[in-house]
Amino acid sequence: MKIGLFDSGIGGTTILNAIQEILPDEEYKYIADSKNCPYGEKSDRELRQIVTKNVKTLQKWGAKIIVVACNTATTRCISYLRKKFPELQFVGTEPAIKLAVQSGAKNILVMATPGTIRSERLRYLLKKNQKSNQTIKLLACPGLADLIEKNYPSHNLEPITNYLTTLFEEIDQTPDAIVIGCTHYLLIKDQIRMFFSNSKLIDGNAGIVKRVQDLKNVL
Ligand code: DGL
């Protein structure tokens, strides 16, 4: 089975690795669309053009399942993609708010790109899952994905640590759980833990792997 994935660069490789570990015998094509990074600061119109181009490339290659390995592209464009390409199966990546809520955390921090934070899908996830005794703080991280894209491959972590120092200044209470709502941020979990060593870091990767596995079995 041919499985295609795309993201605005290296972030989605974390999802590719997780899927490959469980399904090592499938064929994969990953588009690291770093020339359009950051997706999180693009308009809907620009993003739709970008994701359409990526999907067409993967479809041409023969992908039957397409994993949108990016929270921004998923929360903003997956409904559009499902309508435009009804012949393909899409698996999305979105902030794991449901998992964080189910973990029993009372004080939850969601880190994501500005595009994800202002998406209607995020509002919906909050409305659907948040309990009255839980506080969920949304933290937009403009420029962070781009900073990771540029510095992570060379393991130059200093600019990233400096960014997080400023970003977290406004957080006055240690969160019980932090939702890693951007695939790029999965690469800097260790740096985030340096600030919040007692917080649980939560992502939805296991659910994505399971969904791909289920689809593969029925196609
Ligand atoms: N890695 C992507 C995400 O999960 C996009 C980051 C960006 O390009 O802004 O949101």
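The values are calculated or read from the model by the stated rules, or taken from the named source; none is laboratory data. None of the values given here were measured: they were computed from a predicted structure. Because the Cβ atoms are built from the backbone with ideal geometry, glycine has one as well, and the counts that use them run over all protein chains shown. Accessible surface is based on the protein model in full, side chains and every heavy atom, while ligands, DNA and RNA are left aside. Shrake-Rupley method; radii C 1.70, N 1.55, O 1.52, S 1.80 Å.
Against the conditions (1) outside any loop (DSSP other than H, G, I, E, B); (2) farther than 17 Å from A177 by Cα, where does P86 fall short? Just the number, please. Of everything listed in (1) outside any loop (DSSP other than H, G, I, E, B); (2) farther than 17 Å from A177 by Cα, P86 misses just condition (1). Can you tell me which residues in the stretch 91-108 are assigned to a helix (DSSP H, G or I) and more than 13 Å from the chain's Cα centre (by Cα)? Correct list: K98, L99, A100, V101, Q102. Y152 meets the stated requirement of being hydroxyl-bearing (S, T, Y), touching a Leu at 6+ places or on another chain (Cβ under 6 Å) and on the phi < 0 side of the Ramachandran plot. Restricting the first member to the stretch 35-64 and to residues that are without any contact (Cβ under 8 Å) to a residue 12 or more places away in the chain, and the second to residues that are more than 15 Å from the ligand (Cβ to nearest atom) and not in a helix (DSSP H, G or I), the beta-carbon pairs closer than 9 Å and six or more apart or on different chains are K56/F85. Is it the case, given these coordinates, that D172 is at pLDDT below 95 and either more than 18 Å from T74 (Cβ to Cβ) or of a type in the set (A, V, I, L, M) (or both)? Yes, satisfied. The set of residues in the stretch 35-69 that are over 14 Å from S8 (Cβ atoms), in a loop (DSSP other than H, G, I, E, B) and within 16 Å of the ligand (Cβ to nearest atom) contains only S43. Only helices (runs of 4 or more DSSP H) whose full extent lies in the stretch 109-176 are considered here, and the ones with at least 2 residues that are touching a Ser or Thr at 6+ places or on another chain (Cβ under 9 Å) are 114-117, 120-129, 144-151. The requirement of being out of contact with any Lys or Arg (no Cβ under 8 Å at 6 or more places or on another chain), surrounded by 14 or more Cβ atoms within 10 Å (Cβ to Cβ) and free of Cβ contacts under 8 Å to residues at least 12 places away in the same chain is fulfilled nowhere in the stretch 122-134; no residue meets it.
Give the number of residues within the stretch 14-26 that are within 16 Å of the ligand (Cβ to nearest atom), surrounded by fewer than 19 Cβ atoms within 10 Å (Cβ to Cβ) and in contact (Cβ under 8 Å) with a residue 40 or more places away in the chain. Qualifying residue count for the region: 1. If we scan the stretch 109-121, do we find a residue that is among the polar types (S, T, N, Q) and open to solvent by 20 Å² or more (accessible area, probe 1.4 Å)? No, every residue in the stretch 109-121 fails to be among the polar types (S, T, N, Q) and open to solvent by 20 Å² or more (accessible area, probe 1.4 Å). Scanning the stretch 170-209 for residues that are under 16 Å from the mean Cα position of the chain (by Cα), surrounded by fewer than 20 Cβ atoms within 10 Å (Cβ to Cβ) and of a type in the set (D, E, K, R) yields a count of 1.
Here K29 meets each of (1) open to solvent by 50 Å² or more (accessible area, probe 1.4 Å); (2) under 29 Å from V218 (Cβ atoms); (3) in a helix (DSSP H, G or I) with one exception, condition (3).
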